[in-house]
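Worksheet: one structure, shown below.
The values are calculated or read from the model by the stated rules, or taken from the named source; none is laboratory data. What you are looking at is a predicted structure, and each value in this text was computed from that prediction instead of being measured. Backbone-built Cβ (ideal geometry, glycine too); neighbour counts: all protein chains shown. For accessibility, only protein heavy atoms count, side chains too; no ligands or nucleic acids. Shrake-Rupley method; radii C 1.70, N 1.55, O 1.52, S 1.80 Å.
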Amino acid sequence: MLDIFIINWRNKMRQPLVVGNWKLNGNHQMVNQLILELRQELIGVDCNVAIAPPTVYLDQAADNLSGSCIALGAQDVDINKTGAFTGETSAHMLKDIGVKYIIIGHSERRTFHKESDSLIAEKFIAVKEAGLIPIMCIGETEAEKNAGDTQVVCKRQLDVVLKNVDVSCMLESAVIAYEPVWAIGTGTSATPNQAQFMHKFIREHIAQYSYEAANKVIIQYGGSVNSANATKLFAQPDIDGALVGGASLQAKNFAMIVKAASKNNMTSL
Ligand code: PGA
């Protein structure tokens, strides 16, 4: 019953979103060049798309993106608005320079910066309070997968947010990125079936808090998405686009992924 409800709503409610996470890559010249190429590659493409360059280049990227259909994302944010927090950047500052999406809880931040589930929940709230769209990454490590804990881990990572917010209002405009850690940067993506299984699990879990939010929330897949595997991933009913790392650093590759999402969107209408 729940399946029917969710699948029936799918195409009417959700537009795929493809976001390029540039991570710690780029320089002044490369930002200009890559955005110029992306603008050309994506002319006339009907898909929600964004890029997330390093913080130091966001303002430059905002200028470069002016008048284009490509939105701007940031890779991280602090929970505070202002004050004595050396080195940090607030959601309000990011909004001020034209950022729309903020990635939070990426596995690289969970691992290298020891970010906890509860800190990520606070970041989610800070992003929403600034009127921006969080892209909250969740996903299991290889060890957790091998131990059979994939669903337990993803449920735990989701629940810390879902239990602390008004789900129907806070997830209205929010993105979840399911990124199995073992697939990130390895060249080994989850198979379309594996990814669909988890996306459906995530959507059904959110539906226990709010059916409407579950139907509306964008659930991206991330982890070694490229121009060769994108089409099959996007054909899955619960996969609403992708968070792309390595393949987002080349305009042609990234554009092919965006076009795959756009094509799937057109054919499913
Ligand atoms: P990848 O990275 O596409 O290089 O695997 C994805 C991510 O970290 O978001």
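Structural remarks
- Selection count, region 190-215, where residues are open to solvent by 40 Å² or more (accessible area, probe 1.4 Å) and part of a loop (DSSP other than H, G, I, E, B): 3
- Put simply, of Ser224, Ser248 the only residue that is surrounded by 24 or more Cβ atoms within 10 Å (Cβ to Cβ) and either touching a residue at least 24 places away in the same chain (Cβ under 8 Å) or in a strand (DSSP E or B) (or both) is Ser248.
- Yes/no for Ile104 being open to solvent by less than 80 Å² (accessible area, probe 1.4 Å) and either touching a Pro at 6+ places or on another chain (Cβ under 7 Å) or modelled with pLDDT under 95 (or both): yes
- Exclusive hit being out of contact with any helix residue (DSSP H, G or I) (no Cβ under 8 Å at 6 or more places or on another chain), at pLDDT 95 or above and open to solvent by less than 80 Å² (accessible area, probe 1.4 Å), set Ala61, Ala52: Ala52
- Residue satisfying all of: in region 222-249; out of contact with any helix residue (DSSP H, G or I) (no Cβ under 8 Å at 6 or more places or on another chain) and among the aliphatic types (A, V, I, L, M); nearest to the ligand (Cβ to nearest atom) among these: Leu243
- Residue list for region 59-87, filter: closer than 18 Å to Gly131 by Cα and not small (Gly, Ala, Ser): Leu72, Gln75, Asp76, Val77, Asp78, Ile79, Asn80, Lys81, Thr82
- Among the residues of region 95-115, those that are within 16 Å of the ligand (Cβ to nearest atom) and not basic (Lys, Arg) comprise Tyr101, Ile102, Ile103, Ile104, Gly105, His106, Ser107, Glu108, Thr111, Phe112, His113, Glu115.
- Within the option set Ala214, Ala228, Ala255, Ala251, being among the small types (Gly, Ala, Ser) and in contact with a His (Cβ under 9 Å, 6 or more places away or on another chain) holds for one residue only, Ala214.
- Residues in region 52-61 that are under 19 Å from the mean Cα position of the chain (by Cα) and of a type in the set (A, V, I, L, M, F, W, C) were compared, and the one that is farthest from Ile104 (Cα to Cα) is Ala61.
- Residues located in region 158-180, provided they are assigned to a helix (DSSP H, G or I) and either crowded, with 23+ Cβ neighbours inside 10 Å or basic (Lys, Arg) (or both): Val161
- Extreme residue, surrounded by the fewest Cβ atoms within 10 Å (Cβ to Cβ), among residues of region 28-49 that are out of contact with any helix residue (DSSP H, G or I) (no Cβ under 8 Å at 6 or more places or on another chain) and assigned to a loop (DSSP other than H, G, I, E, B): Gly44
- Only one of the listed residues (Lys263, Lys216, Lys252) is within 16 Å of the ligand (Cβ to nearest atom) and among the basic types (Lys, Arg). That residue is Lys252.
- Among the candidates Val153, Val217, Val161, residue that is within 14 Å of Gly105 (Cβ to Cβ) and under 17 Å from the mean Cα position of the chain (by Cα): Val161
- Single residue of region 116-157 satisfying the filter (assigned to a loop (DSSP other than H, G, I, E, B) and surrounded by 19 or more Cβ atoms within 10 Å (Cβ to Cβ)) that is nearest to the ligand (Cβ to nearest atom): Gly139
- Test: residue in region 248-257 that is at pLDDT 95 or above and within 29 Å of Arg156 (Cβ to Cβ): yes
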